[in-house]
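Worksheet: one structure, shown below.
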Amino acid sequence: MAGCACCRVCPGIDAAPPADAAHATLTPAMEIAELPREGLLRRFRVVLPPGPIGTECARRLAELAAGLDQNGALPEAQRSAMLRRSEAAIHADILGQAIERAIANILRDFGIRPAARPSITLEPRATDGAHVVAISLEALPEVTPPELGTITLDCVTAEPDAAEVDAALQALRRRHGVWHALNDAGAAPGDEITCDISAWVAPNLLRNPGAQCVDEHGQALPLHWELLPHGTLVPRVAGSGMTDGHGYLDLRYQGRVTPDTPAVLAFDARNAVPAAPGQLFTLMADIRLVAGVLPQDVEVTLSLDEFAGPAPRALGAHAARVMPGDGADSPALVSLAAQAGADAALSHIRAALYVGGTAHDAVDFTLRVASPCLLSPTLPPATPHPALRAERFAWRLGEDGALPGLDPELAGLRPGEVRRVSLTAPLRSAALPDELAGRELVVEARAHALRRLELPPLDEEFAKLCGQTDLAALRVSLADDLRQEFAAMTVRLLRHALLARLADADAAQGLPPSLVEAEYRMLAKTAPQSEGATLRALAERRLRLRMVLRKLGEGFGLNIAARDLEAALTQEAARFPGQEAEALAFLRGNAAAARRVADQLWTRRVIEHALTRVQLREQVVSASALRDAATRAAAGPGLDDAHG
């Protein structure tokens with residue numbers, strides 16, 4: 001948005017009397033002209049007369065020369081060279097001071113609150129020798145806080161019921177429980193187990209799971225795949241491509257379905273995957289119906305076919321009917337887990353997709369097949385993944401302390417035993433590297449120790465151990481503790497709701513792009529998985545919130561007393577156990593750190609004061625609903641820490 005251009009003569013620092021004569025020589029009139037505005041970008045052209053700067057430079061050089069002469073005679077050539085070298089530095093220092101005074105005058109006379117340090121450019125000097133300086137800066141916009149009295153917030157509260165008190169009582173019993181070692185018992189939920197953990201990324205036994213085709217047009221079968229039509233149901237390749245980084249193949253099935261003559265899509269040759277009697281296998285594939293209609297009596301089946309001998313002879317099969325996803329975007333991962341038969345002649349296994357069923361005339365549909373994966377947990381690679389190894393790692397079963405999904409697989413494990421299981425890594429987990437998201441893992445747990453918690457009896461002695469006269473008094477005390485916990489959650493939710501309302505306040509002329517970008521980059525580091533547009537919108541709301549809180553605080557006229565700041569510094573130092581004295585000394589001696597603590601305390605006071613002026617609407621909910629709401633409010637980067 002373009003604004004007016006104006007020019008005025010500013011009296012330097014006349015508004016603040018010069019501290020000495022040297023500074024007084026830099027106070028003559030300077031010309032400041034504002035150029036057309038561009039939104040929040042303010043641009044100025046400053047002309048600094050050459051006379052005062054030259055006079056001050058000559059005065060300082062004279063002082064330097066007199067000092068050199070007093071310290072002993074120097075050869076004239078050396079003296080002149082030293083003065084020439086010093087002249088440029090002195091001139092630059094004087095010019096820098098004049099520019100700083102020009103910036104101060106601009107901020108004062110034009111009523112600007114800068115968003116960041118101004119940008120300064122020296123332009124060619126004028127014909128009369130005057131210095132010409134271009135100054136540009138982003139101004140903070142004016143924000144209009146909402147009328148607090150018109151804001152109504154839900155005051156979400158909960159009252160502890162008998163079930164909540166019982167749960168707190170059991171938690172208290174667990175804190176007073178005694179651990180006992182178990183040597184002959186199997187692990188159960190709640191037990192503490194100590195294991196060596198090793199995990200491998202399970203290898204895909206198929207040679208071409210990516211469905212790479214042999215021609216660039218995608219009209220041929222992928223390498224190593226085989227299509228075996230039977231009877232009158234004839235599948236043909238309808239196309240191929242890539243989705244989510246994986247290749248897929250579209251097969252169009254046309255014709256008549258007859259019993260006992262299914263069409264077979266083999267994901268590898270009969271003699272490609274070795275197998276042994278009793279070996280475990282898991283076959284998975286992404287299968288979707290992308291065109292036509294799949295009749296109910298037409299079956300789509302995953303199969304593991306067993307063969308024997310160098311010229312493979314069929315032994316049998318393990319099959320499971322699956323339901324393809326309906327549409328290209330629907331969930332479609334299907335699987336089959338089976339154990340190979342006991343026939344000693346078994347030598348190979350083949351993964352395949354069968355389409356058949358009872359008699360049906362004139363079918364016409366297209367299946368999209370992608371990401372076939374054949375795993376065997378009995379065949380891990382030689383070296384475990386470096387991020388998935390731990391020695392004598394202890395955790396409580398049921399808390400997913402080792403790997404997500406591992407705990408149920410270890411039920412019944414005894415000290416000294418080894419168990420190997422297959423797991424699918426979750427798509428998102430703080431416990432696993434991103435590279436393992438969704439991958440199939442083979443995990444081996446070697447148990448060393450097992451402990452079980454013995455809880456104390458729930459009787460009068462236990463109540464006295466907890467500082468109460470009897471169980472009734474203990475329950476009353478626990479209920480009071482829960483009320484305090486719930487009250488703290490209520491306050492946090494009120495703060496969260498208030499900040500959300502304040503962050504929606506209007507900011508005239510938008511927000512400074514440089515501040516939005518800086519806030520966005522900071523958020524991107526803390527939440528790299530979030531969408532860019534979402535983070536940028538959050539960055540803008542956080543900036544508006546800071547400006548609104550500052551505006552409200554100025555209107556409230558709040559001040560921080562010295563004793564309150566000292567208490568806040570002490571509280572901050574307490575975050576460093578064992579180093580409280582050193583931390584407190586640092587905070588007291590570091591102006592920037594102390595200012596940060598003071599700003600946080602001032603902002604908290606502003607929020608507390610604002611909450612006293614809004615309207616509250618009480619809403620009583622269950623304890624679980626209150627906890628869920630508090631958890632959602634605290635999840636991920638948001639507004640609650642934007643003012644810190």
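When the charge dipole of the chain is built from unit charges on Cβ atoms (+1 for Lys and Arg, -1 for Asp and Glu) and taken about the Cα centre, the candidate among V201, A291, G149 whose Cα reaches farthest toward its positive end is G149.
With a ≥ b ≥ c the root eigenvalues of the C-alpha gyration tensor of the chain, is it rounded (a/c under 1.5), prolate (a/b larger than b/c) or oblate? Note, shape of the chain comes out prolate. The overall shape of the stretch 559-644 is prolate: from the C-alpha gyration tensor, with semi-axes ordered a ≥ b ≥ c, the ratio a/c is 1.5 or greater and a/b exceeds b/c.
Values of log10 I(q)/I(0) for the stretch 123-179 across q = 0.17, 0.18, 0.19, 0.26 Å⁻¹ run -0.83, -0.86, -0.90, -1.05, by the Debye formula with one identical scatterer at each alpha carbon and no solvent.
The stretch between S622 and A269 holds 121.1 nm of extra length on full extension. This uses 0.36 nm per residue minus the Cα-Cα distance.
Each label was represented as a point 7 Å from its Cα along the Cα-to-Cβ direction; for R596 and T469 these points are 5.1 nm apart.
First select every other residue whose beta carbon is under 15 angstrom from the beta carbon of P160; then total the charges, Lys and Arg +1, Asp and Glu -1. Counting the neighbours of P160, the net charge comes to -4.
At 222 nm, what helix-only mean residue ellipticity would the chain give, in deg cm²/dmol to the nearest 500, using -39500 (n - 2.57) for each DSSP H run of four or more?
-10500 deg cm²/dmol
The simple spin-label model puts a point 7 Å past each Cα toward its Cβ; for A116 and R389 those points are separated by 4.6 nm.
When the accessible area of the stretch 424-537 is split by element with a 1.4 Å probe, what percent falls to carbon and sulfur? All intermediate terms of the calculation are to be shown ahead of the outcome.
On the way: 3390 of 6340 Å².
Carbon with sulfur: 53 percent of the solvent-accessible area.
For the pair A65 and S514, the difference between a 0.36 nm per residue extended length and the Cα-Cα distance amounts to 157.0 nm. A Cβ-based charge dipole, computed about the Cα centre of the chain with Lys and Arg at +1 and Asp and Glu at -1, lands at about 1300 debye. Rounded to the nearest 0.05, the FRET efficiency derived from the C-beta distance between A430 and D343 at R0 = 30 Å is 0.10. Farthest toward the positive end of the dipole of the chain, out of Q615, L61, P577, is the Cα of L61, where the dipole comes from beta carbon charges about the Cα centre.
Here the Karplus relation 6.51 cos²θ - 1.76 cosθ + 1.60, evaluated at θ = phi - 60°, turns the backbone of the stretch 452-466 into coupling constants of 10, 8, 9, 8, x, x, 8, 9, 5, 5, 5, 4, 5, 4, 8 Hz, with x for every Gly and Pro. Dividing the mean sequence gap of close Cα pairs (under 8 Å, 6+ apart) by how many residues the chain holds gives a relative contact order of 17 percent. Here is what passes the span test in the chain: the DSSP H helices with alpha carbon length of 18 Å or more along the helix axis and a Kyte-Doolittle mean of -1.0 or above are 50-70, 76-109, 162-175, 471-502, 513-526, 532-556, 591-611. The trypsin sites (Lys or Arg not before Pro) found in the stretch 360-449 that occupy coil by DSSP, while having at most 12 further C-beta atoms within 10 Å, are R428. A cut-off of 5 Å between modelled amide H atoms, ignoring neighbours fewer than 5 places along the same chain, links I151 with Q615. Relative to a virtual label point 7 Å from the Cα of A185 in the Cα→beta-carbon direction, which members of the stretch 397-412 show backbone nitrogen distances below 16 Å? Inside the label zone: 397-398, 411-412. With both labels modelled 7 Å from their Cα along Cα-to-Cβ, the R256 to D154 distance reads 6.3 nm.
Which of the trypsin sites (Lys or Arg not before Pro) found in the stretch 98-175 are loop residues per DSSP with 15 or fewer other Cβ atoms within 10 Å of their Cβ?
R125
Placing R0 at 22 angstrom, the Cβ-Cβ distance between D361 and A320 gives a FRET efficiency of 0.25 after rounding to 0.05.
Amide H contacts of G325: I287, R288, L289, each under 5 Å away and 5 or more positions distant or on a separate chain (H built 1.01 Å from N in the peptide plane; Pro and chain starts excluded). Per residue, the solvent-accessible area of the chain (1.4 Å probe, heavy atoms of protein chains only, all protein chains present) comes to 52 Å².
Per 0.36 nm of contour for each residue apart, how much would the distance between D506 and V178 grow if the chain were fully extended, relative to their Cα-Cα spacing?
That pair, D506 and V178, stretches by 112.2 nm at full extension.
If you take the square roots of the eigenvalues of the alpha-carbon gyration tensor of the stretch 468-533 and sort them as a ≥ b ≥ c, do you get rounded (a/c under 1.5), prolate (a/b over b/c) or oblate?
Note, shape of the stretch 468-533 comes out prolate.
The values are calculated or read from the model by the stated rules, or taken from the named source; none is laboratory data. Source: prediction; values computed, not measured. All Cβ positions, even for glycine, are placed from backbone atoms using ideal geometry, and neighbour counts span all protein chains on display. Accessible surface areas use protein heavy atoms only, side chains included; no ligands, DNA or RNA. Shrake-Rupley method; radii C 1.70, N 1.55, O 1.52, S 1.80 Å.
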